[in-house]
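Structure first, commentary second.
Bear in mind these aren't lab numbers, they're just calculated from the coordinates by the rules spelled out. As the structure is a prediction and not an experimental result, all values here were calculated from the model. Here the Cβ positions follow ideal geometry from the backbone for every residue, glycine too, while neighbour counts run over all protein chains shown.
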Amino acid sequence: MQKKAGPLFYVFLAVFVFFVMFPFLWILLSSIKPLSELFGDRAFNWFTSHPTLKSYVSVFVNYPFLRYLWNSTVVATITTVYTVFVAAFAAYAIARLEFKGKAVILGIVLAVSMFPQIATISPIYMFVKKFGLTNSYLGLIIPYTTFALPLSIWLLVTFFRKIPFDLEEAAKMDGATPMQTYFKVILPLAVPGVFTTSILVFIAAWNEFLFSFTINTAEKYKTVPVGIAMFQGQYTIPWGEISAATVIVTIPLVIMVLLFQRRIVSGLTSGSVKE
Amino acid sequence: MKKEKSLGNEKRSERRLGYALVAPAMLLILAVAICPVIQSFYYSLFDYRLNDPTKSSIHLNYSLDLEGYLQNYPFLDSALKQEISTANGGVKETLANVQQQLQRIDEKIRSDEEVAKRYKQVDEALNNFESPSDEIKMVEIDKEVAEKFNNTIREVAKTLGKMKEAGELKQADKITGLAQGLKGTIIEPNFVGLKHYKDNFTDDRLWKALWNTTVFTVISVAVELVLGLAIALLINKAFFGRGLVRATILIPWAIPTAVSALMWKFLYDGQNGIVAKYFADIGLIHRMGDLLTTEVGAMFAVIFADVWKTTPYMALLLLAGLQTIPSSLYEAASIDGATKWQQFIKITLPLLKSSILVALLFRTLDAFRVFDLIYVLTGGGPANSTETISILAYKVMFSQTNFGEGSALAVIVFICVAIISIIYIKLLGADLLSDSAKK
């Protein structure tokens with residue numbers, strides 16, 4: 001923090017930001033090009049002289065894109081709400097209560113969060129198939145627990161630990177039971193942490209590909225990442241529509257990132273930095 | 001004395017509450033994550049194929065498909081009866097012999113109480129034109145009976161086939177058809193032990209996939225670490241527009257990997273891809289098409305896309321670590337006349353060690369498990385040059401529907417990931433799990 005930023009620094013910064021954003025920029029520019037300018041020599045022109053929103057219209061008219069968005073929203077929301085709910089109790093116990101085997105439990109949580117998805121997919125696929133859950137929301141919410149729950153527990157434990165312990169002692173003195181302490185004292189203070197955790201779990205669930213790709217193969221139940229990845233034209237890859245769809249899913253993300261960047265960063269780094 | 005006792009009670013109730021609160025989450029994790037991994041291992045011991053009806057589930061023992069059996073045997077029996085009633089001499093004798101053989105094996109099957117019960121159930125269901133459920137129709141039988149059954153049926157089918165050729169049967173097609181129908185009704189156990197592992201480890205494709213995964217992991221993580229550290233060091237200062245830069249950094253991390261992979265596929269395109277064109281213009285590649293159609297080009301392309309997507313995340317983790325280093329250390333060092341480089345080596349790196357290791361751990365594991373990025377960008381091609389082990393496992397499982405062998409590959413991925421984690425955790429010591437609540 002002590003160092004001052006010089007003009008050279010800002011040049012570097014601009015170059016860096018440009019490189020990071022270039023793919024998005026190009027996709028944005030491509031999404032408003034007419035079809036004829038997406039291919040051939042004119043494909044390399046930065047700006048089109050005939051901007052059009054045709055690709056955007058096509059995404060909604062020719063593809064069930066709205067449906068994909070809805071599916072992703074439902075699956076990611078339910079996954080987030082239920083895993084964070086379950087994880088909040090476990091994390092409270094791990095962070096604040098005294099009992100044997102806490103380190104082992106946290107170790108298991110961490111180990112499970114490192115499990116490769118591919119190692120669980122065949123039994124999970126057979127399970128959802130057996131119970132007729134392929135092409136349903138529940139068919140994704142159940143497997144999403146595999147990564148969402150350990151992630152929630154891990155993040156919440158670090159947030160719960162940051163809450164001063166004196167508060168609990170005081171509540172105990174006043175005769176509050178541990179559950180009362182949890183609901184009346186700890187949870188209100190942990191709201192920011194719970195919120196941050198929810199954002200990260202939501203993003204993870206929203207972005208998931210492998211389970212979604214394998215389990216929900218019907219158009220009606222595809223999620224956004226799978227839906228876009230499987231966009232197929234009759235003869236060629238519909239780059240115009242893909243660009244438009246990418247822009248559409250990126251915009252809410254950009255807004256979310258701008259609004260919650262501090263929280264996201266604190267969530268991402270909470271497990272990795274010792275304070 | 002009394003107070004101590006109540007303190008003990010309190011502790012015990014706190015412990016009980018702790019377990020009760022942790023239990024639901026742990027049970028869920030056990031059910032959706034730990035059990036499936038164990039099951040994957042179990043599957044990998046079987047010749048388990050979804051597209052082959054005799055192998056589409058796991059059988060440790062011999063079993064008989066009663067539905068298939070009862071759709072054939074009674075009709076064969078009555079057809080034989082008709083034949084016998086009109087045949088003469090040697091033909092009649094042979095047919096009677098065949099019928100007897102079949103009846104004997106039928107009795108043998110029904111000598112088991114459980115089988116006899118199911119036999120009846122399935123028979124009734126078939127008479128009512130219902131299709132019996134899998135649980136009812138598949139019945140376990142002894143190995144000895146199963147082998148005898150198979151031998152008998154084979155013999156009978158052979159005899160009947162010969163008779164058909166000799167023109168000795170009136171309803172030749174029907175009878176041989178029914179006899180053939182009996183052939184597939186015994187389901188043999190598909191336990192193969194560690195065969196899939198042996199096959200995989202002697203298959204070049206696995207080693208190529210492991211090699212590809214390692215190349216991808218080592219190069220992308222190394223580049224990300226160096227770039228990420230450089231960026232973190234550079235932006236670790238107060239400057240105008242910090243928020244904007246941080247948001248910029250987060251966007252590649254936040255968009256779905258599959259979507260970013262598709263985006264790069266467009267940018268790399270051999271005819272219309274802008275990045276391919278610029279790379280060709282600056283001489284990095286010969287022709288624009290080289291990026292996605294040559295082996296080296298494709299590997300470079302996926303690594304480049306991964307570096308783009310995750311370097312910012314790496315920078316962020318390292319930046320957080322840098323910010324915990326007190327600036328007084330640097331001040332003291334510069335007073336002692338240490339150069340910037342010395343400060344970096346003596347202060348920054350040692351104090352950043354655990355941050356770096358944690359970031360490396362997460363990134364290495366992510367890179368080793370890579371699936372969506374490569375699957376969408378190159379599909380593992382060209383010529384399997386970017387096929388990682390997860391992609392190979394997926395293809396074997398879902399394209400070839402060979403669950404047994406695919407599960408073996410999945411278990412291999414799991415073991416590799418476990419080994420990598422153990423190495424890092426050894427390096428990190430207990431830091432990762434330390435109960436910092438106790439400080």
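Structure summary
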{"item": "Chain A - convex hull of the alpha-carbon atoms, volume per residue in Å³", "result": "182"}
{"item": "Percent of Cα-Cα distances greater than 20 Å, calculated over the range B:77-149", "result": "47"}
{"item": "Kirkwood Rh, angstrom, the range A:39-147 [1 / mean 1/r, Cα pairs]", "result": "18.3"}
{"item": "Cα lying deepest toward the dipole's positive end in chain B, options B:156, B:61, B:300, charges on Cβ", "result": "B:300"}
{"item": "Cβ-based exposure ranking for A:82, B:43, in which fewest neighbours within 10 Å come first", "result": "A:82, B:43"}
{"item": "Length-normalised contact order of chain A in % [C-alpha pairs under 8 Å, at least 6 apart]", "result": "30"}
{"item": "Cα-centred dipole magnitude for the protein assembly as shown, charges only on beta-carbon of K, R (+1) and D, E (-1), debye, nearest 20", "result": "2260"}
{"item": "Cα radius of gyration and Dmax for the range B:197-431 (Å)", "result": "20.4, 67"}
{"item": "Using alpha carbons only: equivalent-ellipsoid semi-axes of the range B:145-189, gyration tensor based, whole Å", "result": "23, 10, 6"}
{"item": "Exceeding the 29 Å Cα-Cα cut-off - candidates A:102/B:426; B:237/B:265; B:309/B:346", "result": "B:237/B:265; B:309/B:346"}
{"item": "Partners for residue B:277 among aspartates and glutamates (Cα-Cα distance below 15 Å; same-chain residues under 8 apart left out)", "result": "A:41, B:269, B:290"}
{"item": "Helix A:239-270 vs. chain A, principal-axis angle (Cα, 0 to 90°, nearest 10)", "result": "20"}
{"item": "Cα-based convex hull volume of the protein assembly as shown per residue, rounded to whole Å³", "result": "236"}
{"item": "Cross-link partners of residue B:174 among aspartates and glutamates (Cα-Cα below 18 Å; sequence separation of 8 or more within a chain)", "result": "B:77, B:83, B:155, B:165"}
{"item": "Ascending count of other beta-carbon atoms within 10 Å, so fewest first, for A:102, B:183", "result": "B:183, A:102"}
{"item": "Mean ellipticity per residue at 222 nm, deg cm²/dmol - from DSSP H runs of n ≥ 4 across chain B, formula -39500 (n - 2.57)", "result": "-22500 deg cm²/dmol"}
{"item": "Cα long-axis angle, helix A:118-130 against chain A (0 to 90 degrees, to the nearest 10)", "result": "90"}
{"item": "Likely footprinting exposure, B:423, A:215, B:249, fewest C-beta neighbours within 10 Å first", "result": "B:423, A:215, B:249"}
{"item": "Cross-link table B:108/B:137; B:92/B:162; B:81/B:162; B:81/B:120; B:55/B:158; B:143/B:198, entries beyond 20 Å C-alpha to C-alpha", "result": "B:81/B:120; B:55/B:158; B:143/B:198"}
{"item": "Reach of residue A:220 by Cα under 18 Å, taken over aspartates and glutamates that are not fewer than 8 positions away in the same chain", "result": "A:208"}
{"item": "Debye, to nearest 20: dipole size of chain B, +1 on Lys, Arg Cβ, -1 on Asp, Glu Cβ", "result": "1780"}
